[in-house]
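The values are calculated or read from the model by the stated rules, or taken from the named source; none is laboratory data. No experiment lies behind these values; they were computed from the predicted model shown. So basically every Cβ, Gly included, is an ideal-geometry build from the backbone, and we count neighbours across all protein chains shown. The accessibility values were calculated without ligands, DNA or RNA, using every heavy atom of the protein model including side chains. Shrake-Rupley method; radii C 1.70, N 1.55, O 1.52, S 1.80 Å.
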Amino acid sequence: MEELEQIRAVEDSGLEGWAHARTGSPRQVLLMDSETLDLMDLQPGIIRENITTCGINVNGLPAGQRLRVGETQLEVSVACTPCDLLEKIRPGLRRELRGRRGTLCRLIAGGMIRRGDNIERIP
């Protein structure tokens, strides 16, 4: 994954230019917290998250929770299940990340996301 200063998010699709953007999919954006990455001694982007967060427990967000990130709005869909690809990064990583792999969201409002944008819960 390449770290970007900004990216356009397309409503009900995904991030512009991202190969896995799919209209209607509940898996349009993966959020991962930097605290878990630090704990696991992993660099941001290595587990293929789209947005690396700081100060928000993404693994504790309930399905349906709405978030504002920059100009966009996301809706939490489901916790991300660790896959076999994690074993290529480090043997045992799939097991280590069980319950801490991040949260998948869908884009309910598009716009720009910029590095350093706040993430706010929308009631």
**Prompt:** So how far, in whole Å, is the C-alpha centre of region 84-111 from the one of region 1-66?
**Reply:** 9
**Request:** Name the most mobile residue of G111, G92, G45, meaning the one with the largest mean-square fluctuation, in a Gaussian network model of the chain with Cα contacts below 10 Å.
**Result:** G92
**Complete:** Scoring the chain by relative contact order with C-alpha pairs under 8 Å, at least six apart, yields a percentage of 34
**Residue with peak Gaussian network fluctuation, the chain [Cα springs, cutoff 10 Å], from L61, L31, L86** = L86
**Prompt:** What nm distance separates the two modelled labels at M1 and R66, each placed 7 Å from Cα along Cα→Cβ?
**Reply:** 2.5
**Prompt:** If you roll a 1.4 Å probe over the heavy atoms of the protein chains, what accessible area per residue do you get for the chain, in Å²?
**Reply:** 57
**Asked** If the chain between W18 and E35 were fully stretched, how many nm would it gain, using 0.36 nm times the residue separation less the Cα-Cα distance?
**Response** 3.6 nm
**Read-out percent of Cα pairs over 18 Å apart, derived from the coordinates shown; its label in [x] 68; [y] 48; [z] 72** = [y]
**Surface share of carbon and sulfur [accessible, 1.4 angstrom probe, percent] for the chain** = 47
